[in-house]
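Asks: There's a structure below that I have some questions on.
The values are calculated or read from the model by the stated rules, or taken from the named source; none is laboratory data. Keep in mind that this is a model prediction, so the values were computed, not measured. For neighbour counting, all protein chains shown are included, and Cβ atoms are generated from backbone atoms with ideal geometry for every residue, glycine included.
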Amino acid sequence: MDLNTSLSCPPLYRADWRRALPLPLLEAALLLAWSSGFVGARFSLDYAPALLVVFWRCVVVTLVLFPFVAKSLSRTSPGVLLKNAGIGLLAMAGYLAGITQGIALGVPAGLAALVADLLPMGLALLTAGVLGQRLAWQVWVGLLIGLLGVSLVTQGALAWGDAPLWAYGLPLLGMLSLAVATLWQKHLAPSESMELLPNLWLQCCVSGIAFAVIEGSQGSLAPLPTTGFALSVLWTAGLSTMGGYGLYWMCLRRTTATRVASVLYLSPPITMLWAWAMFGEPLSWQMVAGMAVSGMGIWLVVRTEARQAKRSPAS
């Protein structure tokens, strides 16, 4: 869809366009785009520091989207911009910095990925413990089954590294940062919400500034004149940022935070399929079994929430 057309159409048309796409189709696209971020990180490690790639992917998205969102941003109140910028810092800068810095300090990538995949449980605990919302017991069972499947998939990649003890908390903080951002975004008043592209631009802009401070304190921010670096930035900017985060927020507007996060339980096996196809990394029947178990957990969550939606007076 042409960006100029998207931004010049009335809000009702844009809403109808998003609603016309089946939610399972959006969730399938989300899985492909979200898992591409881990593949892009794996690819970029051979060419540049992880945070340098993340910084430049934010720069690229900010520059590409600005002409299409400048008018919309100029009409948005400072208060709304500030709130959505805070969500962006938590969702992008907090999440990505926690994961990548943990790995940089010696936390094994498999262990960091497993902690990142605790997002559905983190969301459920925050929803129940902080917001006081009750989740059906079937949802809890489904989340636990999904987590079991993720554990089966990633078991072969788990190991304890030589990182200092406190560094193991960074991936956990990153996961919690995205969980808080998700709930904050979900509970914004309609008047405080922004359209998808301006919101994505704002989040990339403020996160890019944060990454500039972090990476700039450790070394140069200059891009590396190599093909591998350029491909890493373009891959993660297009698929992982515009695709992954864009679809994440789009799905979040269509359904519950618990469902969206639970779908990401399938991200590890999809990532391993990417790695098998691109890098020749081995697959195993254990990974297939883990994917099937996670699928059962997701099905239980989706079915339970669909039944609750039908019984809700608001539906």
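Asks: Mind checking whether some residue in the range 93-111 is part of a loop (DSSP other than H, G, I, E, B), more than 17 Å from Ala50 (Cβ to Cβ), small (Gly, Ala, Ser) and modelled with pLDDT under 80?
Replies: There is no residue in the range 93-111 that is part of a loop (DSSP other than H, G, I, E, B), more than 17 Å from Ala50 (Cβ to Cβ), small (Gly, Ala, Ser) and modelled with pLDDT under 80.
Asks: Here is a follow-up. Are any residues in the range 12-44 surrounded by fewer than 16 Cβ atoms within 10 Å (Cβ to Cβ), modelled with pLDDT under 85 and either of a type in the set (Asp, Glu) or closer than 19 Å to Gly244 by Cβ (or both), and if so, which ones?
Replies: Those that are surrounded by fewer than 16 Cβ atoms within 10 Å (Cβ to Cβ), modelled with pLDDT under 85 and either of a type in the set (Asp, Glu) or closer than 19 Å to Gly244 by Cβ (or both): Asp16, Arg18, Leu21.
Asks: What tally of residues in the range 159-182 results from selecting those that are surrounded by fewer than 16 Cβ atoms within 10 Å (Cβ to Cβ) and either part of a helix (DSSP H, G or I) or among the basic types (Lys, Arg) (or both)?
Replies: Result for the range 159-182: 3.
Asks: Quick check on the range 218-241. Is at least one of its residues under 17 Å from Ala28 (Cβ atoms) and under 22 Å from the mean Cα position of the chain (by Cα)? It would help to see each step written out before you state the result.
Replies: Initially, the range 218-241 is screened for residues under 17 Å from Ala28 (Cβ atoms), giving 239-240.
If we keep only those that are under 22 Å from the mean Cα position of the chain (by Cα) as well, we get 239-240.
Yes, the range 218-241 contains at least one residue that is under 17 Å from Ala28 (Cβ atoms) and under 22 Å from the mean Cα position of the chain (by Cα).
Yes or no, residue by residue, for (1) at pLDDT 90 or above; (2) among the β-branched types (Val, Ile, Thr); (3) more than 19 Å from the chain's Cα centre (by Cα):
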{"residue": "Gly142", "(1), (2), (3)": "no, no, yes"}
{"residue": "Leu152", "(1), (2), (3)": "no, no, yes"}
{"residue": "Tyr168", "(1), (2), (3)": "no, no, yes"}
{"residue": "His187", "(1), (2), (3)": "no, no, no"}
{"residue": "Val213", "(1), (2), (3)": "yes, yes, yes"}
{"residue": "Thr255", "(1), (2), (3)": "no, yes, no"}
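Asks: Another question, if that's okay. Scan the range 272-284 and give yes if some residue there is in a helix (DSSP H, G or I) and modelled with pLDDT under 70, otherwise no.
Replies: Yes, that holds for at least one residue.
Asks: Could you say whether any residue in the range 241-249 is at pLDDT below 85 and surrounded by 15 or more Cβ atoms within 10 Å (Cβ to Cβ)?
Replies: As a first pass, look at the range 241-249 and keep what is at pLDDT below 85: none.
No, because not a single residue in the range 241-249 is at pLDDT below 85 and surrounded by 15 or more Cβ atoms within 10 Å (Cβ to Cβ).
Asks: Here's a check for you: in the range 125-149, which residue that is in contact with a Leu (Cβ under 7 Å, 6 or more places away or on another chain) and not hydrophobic (A, V, I, L, M, F, W, C) is surrounded by the most Cβ atoms within 10 Å (Cβ to Cβ)?
Replies: My answer is Gly142.
Asks: If we keep just the residues of the range 112-133 that are part of a loop (DSSP other than H, G, I, E, B) and within 26 Å of Ile270 (Cα to Cα), which is modelled with the lowest pLDDT?
Replies: Only one residue tops the list, namely Asp117.
Asks: Then there's this: Return a yes/no flag: does the range 212-229 have any residue that is free of Cβ contacts under 8 Å to residues at least 12 places away in the same chain, more than 21 Å from Gln138 (Cβ to Cβ) and of a type in the set (Val, Ile, Thr).
Replies: yes
Asks: Given the condition in a helix (DSSP H, G or I), surrounded by 17 or more Cβ atoms within 10 Å (Cβ to Cβ) and of a type in the set (Gly, Ala, Ser), answer yes or no: does some residue in the range 48-56 qualify?
Replies: yes
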